[in-house]
Each structure stands twice: as structure tokens, then as C-alpha cells.
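This report refers to the structure that appears directly beneath it.
The values are calculated or read from the model by the stated rules, or taken from the named source; none is laboratory data. This one's a predicted model, so the numbers in the text were calculated from it and none came from an experiment. Don't worry about glycine lacking a Cβ; one is built from the backbone with ideal geometry, like all the others, and counts go over all protein chains shown. Ligands, DNA and RNA are stripped out before the accessible areas are found, and what is left, the full protein with its side chains, is counted by its heavy atoms. Shrake-Rupley method; radii C 1.70, N 1.55, O 1.52, S 1.80 Å.
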Amino acid sequence: MSTELKAIYSRPRHEREGTDLVMFFHGYGSSEQRMAELFDAVPANATAVALRGGLEIGEDYGWFLLDYFLTHDFSEVLSATQRVYHWIDTEAQGYKSISLVGFSQGMAMASTLQRLRPQQFTCVAGLSGFVLSNELLAMTEDAPHEDPAQRPPYFWGRDVDDVVINPDAVEHSRSWLEEHTRLTARTYPYMGHRVGVDEKVDLKVFLSHYVKAAAT
């Protein structure tokens, strides 16, 4: 597994400082190039960056091993998140805020990053993905804030008939998100396991609202 995370940016280096950073995480067996297709969903004043997972899967990449039931080795999850945190601590300086967007397994990464550093990120969006069910991870996180308005903003978009994310993972994700976040949930019939046009529009609205609020 590679320790270096390759990145694609929406802006050249000299235009990034002082902007709001939106980080994109691809799914299992995918790549950062595919997440770059969503860069036009970020606000005009923001910088988008798509990271490549360190796990090689054929000619593509992932963040940690998964099977159909989304079973994972938590040590691999921690290793992946620590590589991202190292990237943030060394490469994501000088931005006004940091937000996270993840597709499929990338949603598991984005939500885990937020759970382990709850004060660092402005908002999180999960697309056709899931939140990890893990007792050790649950033990590390703070209890949900009693006031829902004080919980982190979270967008969750999916197709209810998406067969890639199994029903148990969907139910756990729903339960955790409703308890721990200020959730905006949307479903898109016939979209399948991808990012549809309507979902991308809703993602843009969500990011525009919360990233702009963080910048003021």
C-alpha cells in the first residue's frame, strides 16, 4: 500500500491560499480522476482536490479492503485515515475551511475522518455510500450534541434500489447520521450506484450554503 497520496486540484497552486478546500474521496476500485468530474459542484471561491487511495486494486485504487458485506479490517481503516490526516497536516495549510465529499467507500472515509477529528471539518457529503459500523470507532467519538443545530452538517444522497450498498449498511448509516449529524437526506430513483445529475445539483446547493457560511 502506497504511503503517498496523489492529488488532482481544481486550481493551480498560486490560486489556492485563502480559499475554502473541498476534499473528494473516490470509491473502491476507482480513482481520483473520476471524482474530479464533480469539481464543478464546489463554490466559485473554493478549491477542490481529489485524493487517490493508497490501496491498488488492479489498475484502480481503494482505501482499504472490502467484501460484498462491507466487512473491513479496522487497522487498515486507521492506516488509511492517518495517511489522509498526514496529507491534511502537510498539504492543506492556508485554507479558510476544509469540507469532505465521498462516493461509495469514499463516504466511509469522509465520515470516519470527521468522526475522529470532529472539529476540523465544515461539512461532509456522502454519495451512494455508507458509514462504518465499528465498535472501536464508536468508542472514540463524542456523544451526539443534544441540540441538532450544533451537529455537523451532512448531505447523504443515494438510490434506494442501489444494490451495491447492502441493507444492513444502509440502515446503520441512516441511524448513525440521524443521531450524530444535521442530516440532509435525498434519494434519487433509477440513479443506481453512481452520481446522478439531480444529486450533483443538490450537492452543489449544499456545499454552496455551508462552505459559504464557513467563509463569512
Odd one out for Leu207, checked against (1) open to solvent by less than 20 Å² (accessible area, probe 1.4 Å); (2) within 16 Å of Val42 (Cα to Cα); (3) without any contact (Cβ under 8 Å) to a residue 40 or more places away in the chain: (3)
So which residues in the stretch 132-170 are closer than 15 Å to Ala108 by Cβ and assigned to a helix (DSSP H, G or I), if there are any at all? Leu136, Leu137, Ala138, Asp168, Ala169, Val170
Answer yes or no: is there a residue in the stretch 54-73 that is buried (at least 16 other Cβ atoms within 10 Å of the Cβ), at pLDDT below 95, under 26 Å from Ala41 (Cα atoms) and of a type in the set (A, V, I, L, M). no
Just for the stretch 143-159: of the residues that are more than 19 Å from the chain's Cα centre (by Cα) and not acidic (Asp, Glu), which one is most open to solvent (accessible area, probe 1.4 Å)? Gln150
Condition broken by Val101, with the remaining ones in (1) modelled with pLDDT of 95 or more; (2) surrounded by fewer than 14 Cβ atoms within 10 Å (Cβ to Cβ); (3) part of a strand (DSSP E or B) satisfied: (2)
Within the stretch 176-200, the residues that are of a type in the set (S, T, N, Q) and over 21 Å from Leu137 (Cβ atoms) are Thr184, Thr187
Within the stretch 186-200, restricting attention to residues that are touching a residue at least 60 places away in the same chain (Cβ under 8 Å) and in a helix (DSSP H, G or I), which residue is surrounded by the fewest Cβ atoms within 10 Å (Cβ to Cβ)? Lys200
